[in-house]
1. Yes or no: the range 360-372 includes at least one residue that is in a loop (DSSP other than H, G, I, E, B) and among the charged types (D, E, K, R).
2. Does at least one position in the range 91-98 carry a residue that is loosely packed, with under 15 Cβ neighbours inside 10 Å, modelled with pLDDT of 85 or more, among the small types (Gly, Ala, Ser) and not assigned by TED's automatic domain parsing to the domain that holds ALA417?
3. Mind checking which residues of the range 212-247 are touching a Pro at 6+ places or on another chain (Cβ under 6 Å) and not in a helix (DSSP H, G or I)?
4. Is it the case that VAL426 is among the β-branched types (Val, Ile, Thr), modelled with pLDDT of 90 or more and either in contact with a Lys or Arg (Cβ under 7 Å, 6 or more places away or on another chain) or not in a loop (DSSP other than H, G, I, E, B) (or both)?
5. Which residues, counting only those in the range 52-100, are of a type in the set (Val, Ile, Thr) and in contact (Cβ under 8 Å) with a residue 40 or more places away in the chain?
6. Do the conditions hold for PHE280, that is, is it crowded, with 18+ Cβ neighbours inside 10 Å, among the aromatic types (Phe, Trp, Tyr) and in the same structural domain as ALA393 (by TED's automatic domain parsing)?
7. Going by what's in this entry, would VAL216 be described as under 30 Å from THR145 (Cα atoms) and at pLDDT 90 or above?
8. Looking at the range 112-171, which of its residues are surrounded by 17 or more Cβ atoms within 10 Å (Cβ to Cβ) and assigned to a strand (DSSP E or B)?
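The values are calculated or read from the model by the stated rules, or taken from the named source; none is laboratory data. If you're wondering where the values come from, they're calculated on a predicted model, not measured in any experiment. For neighbour counting, all protein chains shown are included, and Cβ atoms are generated from backbone atoms with ideal geometry for every residue, glycine included.
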Amino acid sequence: MTDAPVSKPKSSLLVQDARTKRRNASEARFKIYGLAAIGIGCAFLLTLLTAILFNGVPAFKQTFVTLSVTLDPAAIEDAENSTLKTAKYKAMVSEALLAELTEVGIQTDMDPTKLGDMLSSATGDQIRTYALAHPEQMGQTVEFTVLGSSRVDGYMKGRVTREALANDKNLDAEHLDIVDQLAAAGKLSLKFNPAFIFGSDASEKRPEQAGLGVSVVGSFIMMLVVLFLSLPIGVAASIYLEEFAPKSRLTDLIEVNISNLAAVPSIVFGILGVAVFIQFGGGSLGIDALRKSAPLVGGLVLTLMTLPTIIISTRAALKAVPPSIREAALGVGASRMQAVFHHVLPLAAPGILTGTIIGLAQALGETAPLLLIGMVGFVATNYPSGFFDAFTAPNSAMPAQIYEWAKRADPAFYERAWGGIIILLVFLLALNIIAVILRSRFERRW
């Protein structure tokens, strides 16, 4: 009996065959594609952030001019008795600027009225407000730091050139020569402008005075309305649908509609807000609080838009709790409600809070619904007079204010729109950081 011949293996385990090489090469290519996608995404993000910072950071600085104004009681009384108060105070400022030029040794034959075009048109109001508020300063010379005009500010920031002023009706090359000399004398400089963060919007003729502060208050009030309405309603609806509602065609229909509402364009919610809250609530029912441009109406519209997001995220958080938690609670005698509120809900709290804050962040950046309810048609020049007035008085919001600035003609407003984007991104970043902190704070492991 002869031994059968032993067949030799075609390949060794220590040597890759052609099929293994192709598989490894495919895996290596996939990793390269993934790294390339991440790199491209990071490059676009870096480009976006660079553009935002490059265009927006200058908005936080403004050109200021130092003036010494003598508060002549006779001149102020004459201005107050005149029907042209603004023109009178503007003439006083122009005379003070001419005197300041003479004091620092700058010679000019320019008319004082034309010379005053270098300053903001709000300077006269600033002098008047101070003079009326400080009658004890009458007859004395007071040093003021006033805003330069938007053209002067643009020249100091490199946005406006001498060639661009060839056809400008406000300033010319002679004005810029004076600006250069004032800057050399230390009477004109770029400084941090807190009024951009805490101030109010201004008319199209005074872009240098425009600020975002009042619209920040409007956004804050709207977020309060969204938080105190969408969180309890959304969580209650989610608990019922996930833990108590019987499975039927009706609940299936409700779940499908909630998922569809999360994908509805936000402008549709704006149309719904106009029809329900403004036309029906404020018009037919006569509810004064539901008026156009009111943060209360904006908050109600954003609540409708945020509810689907909160319901979906809350249901996902409830589903993530293991069924054994419910079974153990029911096994020791707890009722269905006790099992949900004492055991399931605390374990789902991190996901619920995270979803809620993400929903708030989404609502904070929405613009389309606010356009339809008129929050861009009102120039908010004053802070609300009280807490309740903040809900019902016409106001704007940060994204709506940014949109309004971006469509104005003066380049100074466009610069402020970029600066407003930086402030909005800071708020969004803060909300996301809070979401991460709350998630890690309340997270429980089992």
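1. Yes - at least one qualifying residue is present in the range 360-372.
2. Within the range 91-98, not a single residue is loosely packed, with under 15 Cβ neighbours inside 10 Å, modelled with pLDDT of 85 or more, among the small types (Gly, Ala, Ser) and not assigned by TED's automatic domain parsing to the domain that holds ALA417.
3. Listed by number, the list is empty, since nothing qualifies.
4. The answer is yes for VAL426.
5. Once the filter is applied, which keeps residues that are of a type in the set (Val, Ile, Thr) and in contact (Cβ under 8 Å) with a residue 40 or more places away in the chain, the range 52-100 yields ILE52, VAL57, THR63, VAL65, THR66, VAL69, THR70, ILE76, VAL93.
6. It is false that PHE280 is crowded, with 18+ Cβ neighbours inside 10 Å, among the aromatic types (Phe, Trp, Tyr) and in the same structural domain as ALA393 (by TED's automatic domain parsing).
7. Values: under 30 Å from THR145 (Cα atoms): yes; at pLDDT 90 or above: yes.
For VAL216, the condition - under 30 Å from THR145 (Cα atoms) and at pLDDT 90 or above - is met.
8. LEU119, VAL146, LEU147, GLY148
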